Amino acid sequence: MASAPFQRTTPTTAGGSGAPLPAPAPAPPDPSGAGGPGRPAPAPRPPHAPAASTAGAVALAPESARERVNRRWAEILQETRVAQTGGQILFGLLLSIAFTARFQTLSPFEYGLYVVTVVLGASSTAALVAPVALHRCLHGLRRKHEVVEAAGRMMACGILLLALTIACTLLLILDVVLPHPLAPVIVGAVMVWFALCWYLLPLRLRRRTVTRPDGRTAS
């Protein structure tokens, strides 16, 4: 009797226990990005492709009238906070001088100078707080442009009054501690420096303002 030909078979069980062998794990993705079998490779990115950016377009976009008013109002609020801090501290110091023991020994000139200084300090405080009062009184009336214009003028007036308050305060203090001819000279020199920093330099920069490409000047 002829025997059947020998055939080599692959075992389907592990350890002869009858349990099926586990399925092979899938191959990990190709780190080179070439793709697996049946998957097309991704298109290569151009080496010097410029990234899409809208920053330049936003920077060159024209500023609307409403955006300009909002920006100017925010700038005025920041300026008001800076100026009010110094003005209120100085005004509080002036009010406390009248309750000191040395105040009774002031000369008639120093009494008059003190009164003028206190009045200037109160006036500067009122002018510097005026933008907030204007905004509150005209809130909701769609007149923000007028509020910004008036607030800018009141800020300029308040800064001028604050400079005069500082000058009178400095003269009052130096007149007490220094000989009389020397105090006005020092105060005059300090106020020249104030005028240079607060008015002459800004005016010079304003005259050198470069016109924008759209024909408007920076404001």
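The values are calculated or read from the model by the stated rules, or taken from the named source; none is laboratory data. Since the structure is predicted, the reported quantities are computational estimates derived from the model, not experimental observations. Backbone-built Cβ (ideal geometry, glycine too); neighbour counts: all protein chains shown. For the accessible areas, the whole protein counts, side chains as well, though only heavy atoms, and no ligand, DNA or RNA atoms are used. Shrake-Rupley method; radii C 1.70, N 1.55, O 1.52, S 1.80 Å.
Figures for the structure shown
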quantity: Qualifying residue in segment 180-198 (condition: more than 21 Å from PHE91 (Cβ to Cβ) and not in a helix (DSSP H, G or I)); calculated: yes
quantity: Selected residue [over 30 Å from HIS180 (Cβ atoms), in contact with a His (Cβ under 9 Å, 6 or more places away or on another chain) and not aromatic (Phe, Trp, Tyr)] from VAL132, VAL69; calculated: VAL69
quantity: Within segment 135-171, tally of residues that are small (Gly, Ala, Ser), open to solvent by less than 60 Å² (accessible area, probe 1.4 Å) and over 24 Å from the mean Cα position of the chain (by Cα); calculated: 2
quantity: One residue from VAL118, VAL148 being touching a Lys or Arg at 6+ places or on another chain (Cβ under 6 Å) and either of a type in the set (A, V, I, L, M) or free of Cβ contacts under 8 Å to residues at least 60 places away in the same chain (or both); calculated: VAL148
quantity: Top-ranked residue in segment 172-186 [being over 13 Å from LEU106 (Cα atoms) and surrounded by 13 or more Cβ atoms within 10 Å (Cβ to Cβ); ranked as modelled with the lowest pLDDT]; calculated: LEU178
quantity: Test result for PRO179, touching a residue at least 24 places away in the same chain (Cβ under 8 Å) and either of a type in the set (D, E, K, R) or out of contact with any Cys (no Cβ under 8 Å at 6 or more places or on another chain) (or both); calculated: no
quantity: Members of segment 86-111 found to be of a type in the set (Gly, Ala, Ser) and open to solvent by 80 Å² or more (accessible area, probe 1.4 Å), listed by number; calculated: ALA101
quantity: Members of segment 124-134 found to be open to solvent by less than 60 Å² (accessible area, probe 1.4 Å) and touching a residue at least 40 places away in the same chain (Cβ under 8 Å), listed by number; calculated: SER124, THR125, LEU128, VAL129, PRO131
quantity: Matching option when the condition is open to solvent by less than 40 Å² (accessible area, probe 1.4 Å), in a helix (DSSP H, G or I) and at pLDDT below 85, among VAL118, VAL58, VAL69; calculated: VAL69
quantity: Enumeration of residues in segment 89-119 that are in contact with a helix residue (DSSP H, G or I) (Cβ under 7 Å, 6 or more places away or on another chain) and charged (D, E, K, R); calculated: GLU110
quantity: Test: residue in segment 63-82 that is small (Gly, Ala, Ser) and in contact with a Ser or Thr (Cβ under 8 Å, 6 or more places away or on another chain); calculated: no
